Amino acid sequence: MSQPRRALAHPLRSRIVAHLRIDGAATSAELARALDTHTGATSYHLRVLESAGLVEDTGLGNAKTRVWAVVDDDEETSQPLDEDEAATERWLDHDYVDHFATRAHRWIDEQDAWAPIWQESCGLRDVPVLATEEQFVAYLAELDELNQRYRRIGAGSPGARRIAVFIDPLPVDPA
């Protein structure tokens, strides 16, 4: 099993990576508060994630505090997975869905505190798409391009808010 996959096969480590990916760089103490655990646990798991090449010290901390961020690595390998790797991959997928559900439930509960434009624009939506395999691959490539273009478009703008966009295309018809 690959080292990054093995490192992520722990609930707290997968939550740390998800938090850093969505919320940005953070210290071990900030992660402990956000994930409702203690700094000893987050420090230990950050070192495991660092050795697996998934997170890195940004160098923004001081002698006592390290600021951690996710390593930008969009390289996906399409090598076949052995049985253990496939099981780990499936667990990670389920954990990711649980993470999404937690965020979605929080939004449902807290949306009334947001301005009307955010209430109208955020939340669950589904869009049916009818496409061939080639058309669907092109559609996803366009979505990825659009997300990359808007990823940091609000940087430095007053009132800009971070938004988590989860994309989970699912087939409707049977295989």
### Task
Using the structure shown, decide if THR65 is open to solvent by 40 Å² or more (accessible area, probe 1.4 Å) and free of Cβ contacts under 8 Å to residues at least 24 places away in the same chain.
no
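Output the residues belonging to the range 129-162 that are in contact (Cβ under 8 Å) with a residue 12 or more places away in the chain, under 16 Å from the mean Cα position of the chain (by Cα) and open to solvent by less than 100 Å² (accessible area, probe 1.4 Å). Steps first, please.
Let us first name the residues in the range 129-162 that are in contact (Cβ under 8 Å) with a residue 12 or more places away in the chain, namely 129, 136, 140, 143, 147, 161-162.
Those still in the list that are under 16 Å from the mean Cα position of the chain (by Cα) too: 147, 162.
The answer is ASN147, and nothing else.
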### Task
Return the only residue of ASP168, ASP126 being in contact (Cβ under 8 Å) with a residue 60 or more places away in the chain and open to solvent by 70 Å² or more (accessible area, probe 1.4 Å).
ASP168
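Given ILE167, ILE163, ILE153, which one is more than 21 Å from TRP107 (Cα to Cα) and either of a type in the set (D, E, K, R) or out of contact with any helix residue (DSSP H, G or I) (no Cβ under 6 Å at 6 or more places or on another chain) (or both)?
On the way: ILE167 fails: more than 21 Å from TRP107 (Cα to Cα); ILE163 fails: more than 21 Å from TRP107 (Cα to Cα).
Result of the check over ILE167, ILE163, ILE153: ILE153.
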### Pick from the range 21-42, criterion at pLDDT below 90 and outside any loop (DSSP other than H, G, I, E, B), ranking: surrounded by the most Cβ atoms within 10 Å (Cβ to Cβ)
ILE22
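Restrict the check to the range 92-104 and report whether at least one residue is charged (D, E, K, R), over 16 Å from ALA18 (Cα atoms) and under 20 Å from the mean Cα position of the chain (by Cα). Break it down stepwise before answering.
Narrowing the range 92-104 to residues charged (D, E, K, R): 93, 95, 98, 103.
Subsequent filtering for residues that are over 16 Å from ALA18 (Cα atoms) retains none.
The answer is no, given that none of the residues of the range 92-104 is charged (D, E, K, R), over 16 Å from ALA18 (Cα atoms) and under 20 Å from the mean Cα position of the chain (by Cα).
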## Note on the structure
Condition set closer than 15 Å to SER43 by Cβ, part of a helix (DSSP H, G or I) and not aliphatic (A, V, I, L, M), scope the range 4-20, selection nearest to the chain's Cα centre (by Cα): answer is HIS19
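If the requirement is being surrounded by 14 or more Cβ atoms within 10 Å (Cβ to Cβ), under 18 Å from the mean Cα position of the chain (by Cα), under 24 Å from PHE166 (Cβ atoms) and of a type in the set (D, E, K, R), which of these qualifies: GLU50, GLU89? Please lay out each step first, then the result.
Working: GLU50 fails: under 24 Å from PHE166 (Cβ atoms).
Result of the check over GLU50, GLU89: GLU89.
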### Query
Which condition number does PHE100 fail, the rest of (1) more than 15 Å from LEU8 (Cβ to Cβ); (2) exposed (fewer than 13 other Cβ atoms within 10 Å of the Cβ); (3) modelled with pLDDT under 90 being met?
(2)
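The values are calculated or read from the model by the stated rules, or taken from the named source; none is laboratory data. Here the structure is a predicted model, which is why all the values come from computation and not from measurement. A quick note on method: Cβ atoms are made from the backbone with ideal geometry, for glycine too, and the neighbour counts reach across all protein chains shown. We work out accessible area using only protein heavy atoms, side chains counted, and drop any ligands, DNA or RNA first. Shrake-Rupley method; radii C 1.70, N 1.55, O 1.52, S 1.80 Å.
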